[in-house]
Structure formats: C-alpha cells, structure tokens
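The values are calculated or read from the model by the stated rules, or taken from the named source; none is laboratory data. Just so you know, these numbers come straight off a predicted model, no measurement behind them. Ideal geometry is used to build each Cβ from the backbone, glycine not excepted, and the neighbour counts take in all protein chains shown.
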Amino acid sequence: MKNIKIAVIGLGYVGLPLARLFSTKYPTVGFDMNQSRVDALNAGHDATLEVSDELLQSALANGFRCTADVNDIRDCNFYVVAVPTPVDDDRNPDLTPLYGASETVGKVIGKGDVVVYESTVYPGVTEDECIPVVERVSGLICNQDFFCGYSPERINPGDKLHTVEKIKKVTSGSTPETGKLVNEVYSSVIEAGTHLAPSIKVAEAAKVIENSQRDINIAFVNELSKIFAKMGIDTLDVLEAAGTKWNFLPFRPGLVGGHCIGVDPYYLAQCAQRYGYNPEIILAGRRMNDGMGEYVANQVVKLMLKKGIQVLKSNILIMGFTFKENCPDVRNTKVVDIYKALKEYNVNLTVYDPWANPAVAMREYGVEVVNELPRESYDVAIMAVAHREFASVDVTKLLKEQHVIYDVKGTLDRQLVDGRL
C-alpha cells in the first residue's frame, strides 16, 4: 500500500465525500469535467452540502485538490470512478457517463495501476462494458498490464449520521491479489469495516439488490396505503400496530425518487431480461412506486371536491421539491409527478423548497421553485418533503378558511390533515 496516489473521477454526491476521506491517508486528486464545480470546490464550498466547508477546506489545506484537467491525474496509480448511472426516458440503463469516465481512465492509466468502479450497475458491466473501453483507449490489457475492482457506493445523501466512513463497504477485485489490495485501501479509511466479495460480479449484484429490496418493500406499503384509504383506515396507525411484532419491517408509504432506489431496480430488471427471465415482482414494485405522485394528486382533488372547493384556478402550495428531506438533490424527484398531475386540472401551483436550487429545478423540470416561504392564501397545502424547516411552519396560516391539507410524509398533526399516505 506504499506510494498509493488516488484519483477520484466524478465529484458529485458519491465522489467528493470519498475523495475527501481518501485524502486523509493518501495523496488524492478529485477530477470532474464540470469546471465550475471544480472551481467552487477548490474555493472551499460543496453545493451538494455532503462535505462541510470546514472539512473541505481542511482537506484542501492538507494537499487535496480538484481539477478538470486530465493531465493532473496522470501520475496517479489508483483510480476510482464515481459517476452517475441513470436510466433514459424508456427506463433503460444509461451507461454513457461510465463510458466517458472509462475513456478518461484509459488516457492516463499505466502499467501496474488499479481502477475501481463505484457506480451502481448490473452484474457484468465493470468487466464486460467498462474495462474494454479502458483497454481500447490505453492499449493495455486488464489483469496483465493493469487491474480493476468494484466497490459499490453506499452514500445516503443528506444523512450526517451515516457518512461514508461509517457505512460498511463491499470490495472486490479482478484477481485475488487485486481484491486484497482494494480491500486494504478502503479498509484503511472506512471505520465501519469492509467485506471482500469473491468476485466483481458478486459485488455488483449485491449493490443492485440492496435498493431493489427497499423499493419492493416500499411498494408493498404504498399498496397497503391505497387499500386502507378505501377502507377508511389510517395506514400509519396500522403500521404502528403491526410494528409491535419484533420482526415486522418498519417501512412507510411515500414517494420513491432519487438516484438509487428509483433507478437501481431497472438495472437489475434489464439484466434479468437479458438472461431470458422477466422479473415480475421487481417491475411490479416499480410500477406501484412510479404511480404514487399521480395518486397523491388525484387524492387531493377528491378531497377538494368533497369540501366543495373549486378545483379550476385554485391555488395549491407544494411544500418540498427535492427527492428527500434536508438535501438539495432534485435528481429523479417524484414530487414533479404530483406537480404534473395537478397541472392537468388547470390549477395555480406554488412550489416552496428552501433546499432546492431554483435554477436546477427550472433547467431539469421546467418547474419554478421558490426558496422563501410564500405568504399568499392557498386552497390546498401538500407536505411533499419533510424538510426540518417545515416543522416550525404553521401551515394553517397559509390557507383559506375552507382548505385541504395533504400530508405525504405523515409528519403533520393528524388533526390538521384531511388526507395522508
């Protein structure tokens, strides 16, 4: 492990915290193609808020640096790829960022070097899709001239308790010796320890089923929510009662967005289909969860009609737009599904989110988001995301006398709300 010099490629929610952590033990360079992102990080601020300014500035003072120039990572010998793996409009895995990152690695990797992928993929992508790109660009041969590994990311955006060093890490390598090296490098900075998987494909499969399992469990309680709503039973009351059994899993209904749980099952599903198997449960769970935004919108309209509130041209406040609470990440947010479904009723919508970047929301979704609490009088308020700032907001003061409050997250006083998942 002597003379290890690390380059982390991709400085987003996954790459930056990892690069900062590695920099505590090894010379580390962070690489990202976005020059403005690099400039902001070198100035000591992370717009994703995953790394505090204090930690980032301390790392920079101790030699960590970020760059958009590929020549600055040419003298590294341990490359970590941490780029996004989204799905396209047809929900097929989009490996474009991985191909691009693999080309970058191919330009700089040398004999004896190691490249480790962190991006979530289906089994086989690292060795069958990414490494051939590195070989083609570099002219080197894997397991002869250079070596590879896979260590799936386990970042939980916005979570300041379960940070990267406190979550156990799965590691793997293309040869037994490489696996040991990769494991040693990660275990030297991961306080929670590591698990060395027997192969890269096992590590890839382990990652993709982690979030698929959560997706299916949430889909189950989302379906329960729909059933109990028809029965006039409060779903959270049922889950609280059932949760008194020691082995009942504490999942709650809600919107399933983000770059992991709402995406990873499609990677697993496509992989299964390539082997001639149609994954019914996985895809059924995805269909259920993908439809929850529209379901919430329809429930809100029904409640308005029951109270005699005119839907056309009504004023509706949506509180929260990011994919989860206390996090600025709007990737794959399902709040936009509520927004789009309500728009079809020709209502006036205001989206308030103190965490979301309005420019990003407009660019990605065409949705205007405000960061300041509106003072208008609304017919409806929808608590879509449970940001901590909302806990001190008296929602009723924002509403007309005759109104509807819908609580997606189940955080408001039940005496105030007209409906919740």
Subject >> Residues of the range 22-38 satisfying the condition of being within 24 Å of the chain's Cα centre (by Cα) and outside any loop (DSSP other than H, G, I, E, B) >> reply: 22, 29, 30, 31, 35, 36, 37, 38
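Would you confirm whether or not the range 83-98 contains a residue that is in the same structural domain as residue 11 (by TED's automatic domain parsing), part of a helix (DSSP H, G or I) and closer than 19 Å to residue 151 by Cβ? Explain how you work it out, then say what you get.
The initial filter retains those residues of the range 83-98 that are in the same structural domain as residue 11 (by TED's automatic domain parsing), namely 83-98.
Add one more test, that the residue is part of a helix (DSSP H, G or I), and what stays is 96-98.
Subset that is closer than 19 Å to residue 151 by Cβ: 97-98.
Yes, that holds for at least one residue.
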Original post:
Identify, please: which residue in the range 202-229 is without any contact (Cβ under 8 Å) to a residue 60 or more places away in the chain and among the small types (Gly, Ala, Ser) and is, among those, farthest from residue 408 (Cα to Cα)?
Top reply: 203
Original post:
Just one of the numbered conditions (1) in the same structural domain as residue 390 (by TED's automatic domain parsing); (2) outside any strand (DSSP E or B); (3) touching a residue at least 60 places away in the same chain (Cβ under 8 Å); (4) closer than 26 Å to residue 371 by Cβ is not true of residue 308; which one?
Top reply: (4)
Original post:
For the range 109-154, which residues satisfy the criterion of being in contact with a Leu (Cβ under 8 Å, 6 or more places away or on another chain), surrounded by fewer than 23 Cβ atoms within 10 Å (Cβ to Cβ) and among the aliphatic types (A, V, I, L, M)?
Top reply: 114
Original post:
Quick one: is residue 55 over 30 Å from residue 177 (Cα atoms), in contact with a strand residue (DSSP E or B) (Cβ under 6 Å, 6 or more places away or on another chain), free of Cβ contacts under 8 Å to residues at least 40 places away in the same chain and not in a strand (DSSP E or B)?
Top reply: no
Subject >> In the range 1-44, the residues that are buried (at least 24 other Cβ atoms within 10 Å of the Cβ) and among the basic types (Lys, Arg) >> reply: 20
**OP:** Would you mention how many residues in the range 239-292 are closer than 17 Å to residue 206 by Cα, among the hydrophobic types (A, V, I, L, M, F, W, C) and part of a helix (DSSP H, G or I)?
**Re:** 5
**OP:** Select from the range 1-47 the residues that are under 22 Å from residue 166 (Cα atoms) and basic (Lys, Arg) and list them in ascending order.
**Re:** 20, 25
Original post:
What number of residues in the range 230-245 are of a type in the set (A, V, I, L, M) and in contact (Cβ under 8 Å) with a residue 40 or more places away in the chain?
Top reply: 1
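Go through 298, 289, 315, 348 for me and flag whichever is of a type outside the set (Val, Ile, Thr) and under 19 Å from the mean Cα position of the chain (by Cα). Give the steps one after another, and end with the answer.
Details: 298 fails: under 19 Å from the mean Cα position of the chain (by Cα); 315 fails: under 19 Å from the mean Cα position of the chain (by Cα); 348 fails: under 19 Å from the mean Cα position of the chain (by Cα).
Checking each option against the conditions leaves just 289.
Any residue at all in the range 331-347 that's charged (D, E, K, R), more than 23 Å from residue 262 (Cβ to Cβ) and touching a helix residue (DSSP H, G or I) at 6+ places or on another chain (Cβ under 8 Å)?
Residues of the range 331-347 charged (D, E, K, R): 331, 334, 337, 340, 343-344.
Pick out the ones that are also more than 23 Å from residue 262 (Cβ to Cβ) and you get none.
No - not one qualifying residue is present in the range 331-347.
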Original post:
Can you name every residue in the range 24-50 that is farther than 26 Å from residue 113 by Cβ and without any contact (Cβ under 8 Å) to a residue 40 or more places away in the chain?
Top reply: 36, 39, 40, 43, 44, 45, 46
Original post:
Can you name the residue in the range 272-329 that is over 25 Å from residue 397 (Cα atoms) and polar (S, T, N, Q) and, of all such residues, is surrounded by the most Cβ atoms within 10 Å (Cβ to Cβ)?
Top reply: 289
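Yes or no, residue by residue, for (1) farther than 27 Å from residue 228 by Cβ; (2) within 26 Å of the chain's Cα centre (by Cα):
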position: 352; (1), (2): yes, yes
position: 365; (1), (2): yes, yes
position: 377; (1), (2): yes, no
position: 383; (1), (2): no, yes
position: 388; (1), (2): yes, yes
position: 392; (1), (2): yes, no
position: 418; (1), (2): no, no
**OP:** State whether one or more residues within the range 395-407 are of a type in the set (Val, Ile, Thr), farther than 25 Å from residue 233 by Cβ and modelled with pLDDT of 95 or more.
**Re:** no
Original post:
For residues in the range 122-133 being in contact with an Asp or Glu (Cβ under 8 Å, 6 or more places away or on another chain) and part of a helix (DSSP H, G or I), which is farthest from residue 79 (Cα to Cα)?
Top reply: 125
**OP:** Being of a type in the set (S, T, N, Q) and in a loop (DSSP other than H, G, I, E, B) is the filter; apply it to the range 368-413 and report the residue that is surrounded by the fewest Cβ atoms within 10 Å (Cβ to Cβ).
**Re:** 371
**OP:** For the range 340-367, name all the residues that are loosely packed, with under 13 Cβ neighbours inside 10 Å and either touching a His at 6+ places or on another chain (Cβ under 7 Å) or touching a residue at least 12 places away in the same chain (Cβ under 8 Å) (or both).
**Re:** 346
Original post:
Which residues, counting only those in the range 67-97, are buried (at least 20 other Cβ atoms within 10 Å of the Cβ) and under 10 Å from residue 7 (Cα atoms)?
Top reply: 73, 76, 78, 79, 80, 81
